[in-house]
């Protein structure tokens, strides 16, 4: 369960507007990008919100063997939030996640981005001498 | 897009073992809990991993009108990670998310939990005088 969670909020996005308003376009971007960087989609769900006359946003999730990618879009705000969480159980996927995250952000072309990296879990396979009960 | 993201890692879980190993049991828990706390599922995807003789884990995602819940389980480690992200676009869902998160954690009965709260996005409807370009 040890892994890296990338979190980003994208503001004033000027990329292809279909990426914010079309579940199909966002699905294609997200699943292709995951595969291109060696991540392994095992399922995906993209939900199109309908706001009537106003273009509704999309919530998309790609379930990965490595954990998940979640994207929420607000076309009316030209805003997007991203989460990309990869576990490092059998190998370190951090570099692949960072590259995929950067390319995903670039696709939306935000004028302003707030990004954070969160280390999750404790390393699962530390040598026993390094494991101190209740240490985090 | 302003909202609250609750992140937790649960260690040494001693709750019902089906919650860690059964996609159906985890789905029922997650969707019922979201509804019980006034959150609105609009889709869900629960993937059962198959590790052969070893009980495989589950990745479950509930897409919410308010954003998403994501759960990953590792039965072999008795470990779980949780993400519950709620946006506060039309109302403040923070209190509901905190209560749902606490009840979800309690269901797994972890001996040790690492929890974080992350505030996401900037408030979308601040009075103009409070909005400073490039301020976060």
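No value in this document is a laboratory result; all are computed from the given coordinates. Since this is a predicted model, take the numbers as computed values, not measurements. Using ideal geometry, Cβ is built from the backbone for each residue, glycine included, and neighbour counts are taken over all protein chains shown.
A few points about this structure:
- Relative contact order of the stretch A:47-121, defined on C-alpha pairs under 8 angstrom at six or more residues apart (%): 17 percent
- Rounded FRET efficiency, nearest 0.05, which uses the C-beta distance separating residue B:76 from residue B:32 and R0 of 30 Å: 0.70
- Value of D in µm² per second that Stokes-Einstein yields for the protein assembly as shown, Kirkwood Rh from Cα pairs, at 4 °C (1.567 mPa s): 68 µm²/s
- The listed peptides B:11-20, B:78-87, ordered by packing as a protection proxy, come out as B:78-87, B:11-20 (highest mean of other Cβ atoms within 10 Å first).
- For the pair the stretch A:30-46 and the stretch B:38-83, the centres of their Cα atoms are 17 angstrom apart.
- In degrees, nearest ten, helix B:94-108 long axis to first principal axis of chain B (Cα): 10 degrees
- Between helix B:23-36 and chain B: long-axis angle, C-alpha atoms, 0 to 90°, nearest 10: 30 degrees
- Peptide A:59-71 shows a mean partner chain C-beta count of 5 within 10 Å per residue C-beta.
- Placing a label point 7 Å from the Cα of residue A:12 along the Cα-to-Cβ direction, the residues of the stretch A:73-98 whose backbone N falls under 20 Å from that point are A:73-82.
- Theoretical FRET efficiency, 1/(1+(r/R0)^6), r = Cβ-Cβ of residue A:50 and residue A:102, R0 30 Å, to 0.05: 0.45
- Shape index of the stretch B:3-110: Rg/Rh, with Rg the Cα radius of gyration and Rh the Kirkwood radius from the inverse mean 1/r over Cα pairs, equals 0.97.
- Shielding of peptide A:73-83 by partners, expressed as the average count of other chain Cβ atoms within 10 Å per residue Cβ, is 3.
- The other copies place their residue A:35 label points at 3.5 nm from this one, listed shortest first, where each point is 7 Å from Cα along Cα→Cβ.
- Inter-chain shielding of B:106-115 (mean C-beta neighbours from other protein chains, 10 Å cut-off): 1
- Measuring nothing but how far apart in sequence close Cα pairs (under 8 Å, 6+ apart) lie, relative to its length, chain A scores a relative contact order of 39 percent.
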